[in-house]
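Some notes on the structure that comes next.
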Amino acid sequence: MGLTLGGQERHYLIPAKSNTKWEVLSGSADDCLVRMRVSPQARAKAPELPEHWTARAVRMVSANGKQRVLLTSLLDRRRFKAEALAECYRRRWEIEASYRELKQSMLGEALTLRSQQPEGIEQEIWGALIAYNLVRLEMAKTAIEAKVEPTDLSFLRALHILQHEMIWAVGMAPGKLPAHLVRLRTQMQFAIVEKRRGRQCPRIVKALPKRYTVRYLKKDLN
């Protein structure tokens, strides 16, 4: 069973920790229904929690050949195939990469927004989201013309190409804009890269950028 939020049922698909213990209720070693004990710490904070909870455990193999078990509330094996769940988890990179593209590539890893008022912050957020979707829209149109998948284009390359071409479009006569758009679509094809499905990256703590510049003393350089 999933969680009910806002009147709709929500489901989860998460990786199981290597030390997670459970009791197999039914199914095979690669796709089974399991029962796990709710930790005493969790029940102490929320006494209404049951003593056990059930989930579906699906075994998958990552791109580097490592086996991993996924836990999900999607219990219907006929409707939700194990292969489809494994592919759904692999494609999580597309979501995480989108967050990175928006926060790092477009906003330049800025620690905070520039505005000091709520109205200005809201305007900045909407502006960033609109700009991001416009870049993605142009990438999708380029992919259609090139007969490739939109995920085969590099967002960073596409962003730089669009920024460069838009500089030339400022002040351009309206009659020249259609030809410039054709040139833009041609240049956008340079953003096509090899397929990057199945990328792996260890979970690490990122070093936050410094808010202030660092001044080095002479003795530190010797």
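The values are calculated or read from the model by the stated rules, or taken from the named source; none is laboratory data. Treat the numbers as computed from the prediction; the structure is a model and nothing was measured. Cβ placement follows ideal geometry from the backbone for every residue including glycine, while neighbour counts extend to all protein chains displayed.
Would you tally the residues in region 153-205 being at pLDDT below 80, small (Gly, Ala, Ser), under 19 Å from the mean Cα position of the chain (by Cα) and closer than 21 Å to Asn133 by Cα?
Count: 0.
Just one of the numbered conditions (1) modelled with pLDDT under 65; (2) more than 30 Å from Asn64 (Cβ to Cβ); (3) not small (Gly, Ala, Ser) is not true of Leu208; which one?
(2)
Would you check which residues across region 11-61 are within 24 Å of Glu87 (Cα to Cα) and aliphatic (A, V, I, L, M) and list them?
Once the filter is applied, which keeps residues that are within 24 Å of Glu87 (Cα to Cα) and aliphatic (A, V, I, L, M), region 11-61 yields Leu13, Ile14, Ala16, Val24, Ala29, Leu33, Val34, Ala55, Ala57, Val58, Met60, Val61.
Here are Ile95, Ile130, Ile121, Ile144: which of them is exposed (fewer than 15 other Cβ atoms within 10 Å of the Cβ), in a helix (DSSP H, G or I) and at pLDDT 90 or above?
On the way: Ile95 fails: at pLDDT 90 or above; Ile121 fails: at pLDDT 90 or above; Ile144 fails: at pLDDT 90 or above.
After ruling out the rest, the residue left standing is Ile130.
In region 55-72, what residues are in contact (Cβ under 8 Å) with a residue 60 or more places away in the chain and surrounded by fewer than 18 Cβ atoms within 10 Å (Cβ to Cβ)? Lay out the reasoning, then the answer.
The first filter runs over region 55-72 and keeps only residues in contact (Cβ under 8 Å) with a residue 60 or more places away in the chain, leaving 62-64, 72.
Result: Ser62, Ala63, Asn64.
Among the residues of region 21-54, which ones are among the polar types (S, T, N, Q) and touching a residue at least 24 places away in the same chain (Cβ under 8 Å)? Reasoning before the result, please.
We begin by selecting, within region 21-54, every residue among the polar types (S, T, N, Q); these are 26, 28, 39, 41, 54.
If the condition is that a residue be among the polar types (S, T, N, Q) and touching a residue at least 24 places away in the same chain (Cβ under 8 Å), then Thr54 is the only one that fits.
Looking at this structure, is Arg37 surrounded by 13 or more Cβ atoms within 10 Å (Cβ to Cβ), modelled with pLDDT under 90, outside the structural domain of Ala131 (by TED's automatic domain parsing) and not aliphatic (A, V, I, L, M)? Spell out the reasoning first.
Numbers: surrounded by 13 or more Cβ atoms within 10 Å (Cβ to Cβ): yes; modelled with pLDDT under 90: no; outside the structural domain of Ala131 (by TED's automatic domain parsing): yes; not aliphatic (A, V, I, L, M): yes.
No; evaluated as a whole, the condition is false for this residue.
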